[in-house]
Amino acid sequence: MTVSLPTRGLARTLRLAAVCASFALLAACGDTVTKSSMNAPVPSSALNLALHSKAIAEVKQKQARGQRVWCVPFARTASGVDLRGNAGTWWKAAQGIYDRGQAPEVGSVMVFAPHSSSRLGHVAVVSEIVSDRKILIDHANWHRNKISLKMPVIDVSPNNDWSRVEVEGTPGVMGHPRPVHGFVYPRRLDGASES
């Protein structure tokens, strides 16, 4: 018994396979460690959409009841990082409990240090890494009693260590530089998972 395949379909399939193989070879030949990527942030993981949705729902419930919305409860719920206290205390409070660092990761909490215009500090959840010096954050109460999603932040620190940032509070307008302690990652040091 002879099986005949349509030659036009077979030829199209073979061409597609050859194109895919060519792209795979080109990708394999690329230099994965380049000068620009050596200081780039750790590859971002996916945002925990269940926690993020829960945080947004909590804000809407509070607003509907006429209650105040704050950055700390939003960041705690959206990230799964279970810390208490004013935002400015989170960096120290996370020590020995959560992994911390100076590079942004999607889902991590950016901890703004207290300063003259924000005596209690501020916390925000990294929602996207745009480049090694630009991220997007989701947070509450940057604008009184509201949540802000996908707000641009740029690293303006001289050593590219995210210790000083500008936040785009108004579209197209970067704010004054603000000090940042670093990022608290939603990974407990004891290995327990947060969610």
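Assorted remarks:
- Distant-in-sequence amide H partners of Gly121 (H built 1.01 Å from N, under 5 Å): Gly88, His115
- Label-point gap, in nm, between Asn160 and Ala64 - each point 7 angstrom along Cα→Cβ: 4.6 nm
- For region 140-195, Kirkwood radius (reciprocal of mean inverse C-alpha pair distance, Å): 13.4 Å
- When the convex hull of its Cα atoms is projected in every direction, mean area for region 49-188 (nm²): 8.0 nm²
- Taken over region 49-188, lysine pairs spaced eight or more positions apart, or on distinct chains, with alpha carbons under 28 Å apart number 14.
Every read-out reported here was derived from the displayed coordinates using simple, explicitly stated rules and does not represent laboratory data. Everything numeric in this text was worked out from a predicted model, so none of it was measured. Here the Cβ is made from the backbone with ideal geometry for all residues, glycine too, and neighbour counts use every protein chain on show.
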